[in-house]
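Peer 1: To start, I am sharing the structure in question, which I have written as structure tokens.
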Amino acid sequence: EAQVTQNPRYLITVTGKKLTVTCSQNMNHEYMSWYRQDPGLGLRQIYYSMNVEVTDKGDVPEGYKVSRKEKRNFPLILESPSPNQTSLYFCASSLAGVLNSPLHFGNGTRLTVT
Amino acid sequence: GESVGLHLPTLSVQEGDNSIINCAYSNSASDYFIWYKQESGKGPQFIIDIRSNMDKRQGQRVTVLLNKTVKHLSLQIAATQPGDSAVYFCAENRSGNQFYFGTGTSLTVIP
């Protein structure tokens, strides 16, 4: 089944403890992206990647890192999480960039930072 | 029923009625638009898309209308069913490789 898989689905951590949220897609998509979803603010883009070893900042990149060493994986790294990063995170991918094809989303990771 | 973007974030319709969800976009240069459906506990799911060289596009029970003059997008759902209850939001490709999303409209279908 074609899908975007995120892990974990739920994560509770403490301020300052590094964490990684994994994202994998099995559709051979070139484009991958991370979003956070907060009440009243909608989906906001954190980082995106056009292809392997190519990453760019979205609208809210502060406090996050990403890497794209392989086409299928696009992990989101929080080096020192803070409470304002408590949110619902979505990974998404598309075939060839957002100009031509829709995004396919994972089911989300709910992160709580205390 | 009909809603207008951010100002009316909820919409309730009777089962079997048609629903209209509206979205105002901001950039006249945006050339690709998508409607997504998000059910509780799930990621957004693609419904239908439309490019700026079109005014209307139809899918199964859904129609998207694009009015570039007033920068307005609407999603029409025919014969709304309980399974259509969800949050719906539009996305616009304003520039390059980024999509921008509206905050959504919550649709509730009353049996």
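The values are calculated or read from the model by the stated rules, or taken from the named source; none is laboratory data. Being a predicted model, the structure only gives us computed values, none of them experimental. For neighbour counting, all protein chains shown are included, and Cβ atoms are generated from backbone atoms with ideal geometry for every residue, glycine included.
Peer 1: Quick one: which strands (runs of 3 or more DSSP E) lie wholly within the range A:7-89 and hold at least 2 residues that are within 18 Å of A:Thr112 (Cα to Cα)?
Peer 2: Strands (runs of 3 or more DSSP E) meeting the threshold: A:10-13, A:19-25, A:31-38, A:42-51, A:76-78.
Peer 1: Pairs under 6 Å by beta carbon, first residue more than 26 Å from A:Thr55 (Cβ to Cβ) in the range B:82-111, partner among the basic types (Lys, Arg) and modelled with pLDDT of 85 or more, six or more apart or different chains?
Peer 2: B:Ala86/B:Lys37; B:Tyr88/B:Lys37
Peer 1: Just to be sure before I move on: is A:Ser33 modelled with pLDDT under 95 and surrounded by 14 or more Cβ atoms within 10 Å (Cβ to Cβ) in the structure I sent?
Peer 2: Details: modelled with pLDDT under 95: no; surrounded by 14 or more Cβ atoms within 10 Å (Cβ to Cβ): yes.
No.
Peer 1: Pick from B:Ile21, B:Ile50: which is part of a strand (DSSP E or B) and within 20 Å of A:Pro39 (Cβ to Cβ)? Let's see the steps before the verdict.
Peer 2: Working: B:Ile50 fails: within 20 Å of A:Pro39 (Cβ to Cβ).
Only one candidate passes the filter, namely B:Ile21.
Peer 1: Mind listing just one residue for me: the one in the range A:95-112 that is more than 8 Å from chain B (Cβ to nearest Cβ) and touching a strand residue (DSSP E or B) at 6+ places or on another chain (Cβ under 6 Å) and, of those, farthest from A:Glu79 (Cα to Cα)?
Peer 2: It comes out as A:Ser101.
Peer 1: Among the residues of the range B:55-65, are any crowded, with 20+ Cβ neighbours inside 10 Å and in contact with a Leu (Cβ under 9 Å, 6 or more places away or on another chain)? Spell out the reasoning first.
Peer 2: Just the residues of the range B:55-65 that are crowded, with 20+ Cβ neighbours inside 10 Å, to begin with: B:64.
Applying the additional criterion that residues be in contact with a Leu (Cβ under 9 Å, 6 or more places away or on another chain) yields B:64.
The answer is yes, given that some residue of the range B:55-65 is crowded, with 20+ Cβ neighbours inside 10 Å and in contact with a Leu (Cβ under 9 Å, 6 or more places away or on another chain).
Peer 1: Looking at the structure I just gave you, is B:Leu75 crowded, with 17+ Cβ neighbours inside 10 Å, in contact with a strand residue (DSSP E or B) (Cβ under 6 Å, 6 or more places away or on another chain) and over 24 Å from A:Pro39 (Cβ atoms)?
Peer 2: Spelling it out, it is not the case that B:Leu75 is crowded, with 17+ Cβ neighbours inside 10 Å, in contact with a strand residue (DSSP E or B) (Cβ under 6 Å, 6 or more places away or on another chain) and over 24 Å from A:Pro39 (Cβ atoms).
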